[in-house]
1. Where the second residue is among the hydroxyl-bearing types (S, T, Y) and modelled with pLDDT of 70 or more and the first is within 14 Å of T59 (Cα to Cα) and assigned to a helix (DSSP H, G or I) and lies in region 1-21, which pairs have Cβ atoms under 6 Å and are six or more apart or on separate chains?
2. Out of everything in region 73-113 that is among the hydrophobic types (A, V, I, L, M, F, W, C), assigned to a helix (DSSP H, G or I) and modelled with pLDDT of 85 or more, what residue ends up being surrounded by the most Cβ atoms within 10 Å (Cβ to Cβ)?
3. Regarding region 1-16, can at least one residue be identified that is under 29 Å from K99 (Cα atoms), modelled with pLDDT of 90 or more and not β-branched (V, I, T)?
4. Specify the residue that is surrounded by the most Cβ atoms within 10 Å (Cβ to Cβ); the eligible residues are those in region 22-72 that are polar (S, T, N, Q) and either modelled with pLDDT of 90 or more or more than 30 Å from R104 (Cα to Cα) (or both).
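The values are calculated or read from the model by the stated rules, or taken from the named source; none is laboratory data. Values in this document were obtained by computation on a predicted structure and should not be read as measured data. Here the Cβ is made from the backbone with ideal geometry for all residues, glycine too, and neighbour counts use every protein chain on show.
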Amino acid sequence: MRLNDVRRWNHQTWTQLYEAALFEMDKVKLCALIWNAQLAILGRELEIRTLAGTGRQETAALKKALGVLRDLGCLAGLQSPMERTIEFTRATIQREGTKQERARTSRQNRRNI
């Protein structure tokens, strides 16, 4: 993935953290940046899900960025804890998204009555 692939969203926090992680040389700082970038990416995925019909290209960029961060973490010896964190966060996001969808449907149903 090239940096130009994410420049379109450089106003988003996730791209700034992603780019910072790519160029960090200190392993401790790198771990923190990867962690924060992954959380920002997962948070942005949740935001996009709540905006119907938007973000298809950004979603693809988010997935690619997560893959790059995963590889970077693996090279730095950080893979296992990060994988579990991503899986846990995605599961949490899906549960929250389901709850939000139910609440939105409920509100719409009440308005239609």
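1. As it stands, the answer is W9/T15, since those pairs meet every condition given.
2. Per the criteria, the residue is C74.
3. Yes, the conditions are met somewhere in region 1-16.
4. First, the residues of region 22-72 that are polar (S, T, N, Q): 36, 38, 50, 54, 57, 59.
After this cut, where a residue has to be either modelled with pLDDT of 90 or more or more than 30 Å from R104 (Cα to Cα) (or both) as well, the list is 36, 38.
Details: N36: 17, Q38: 23.
That would be Q38.
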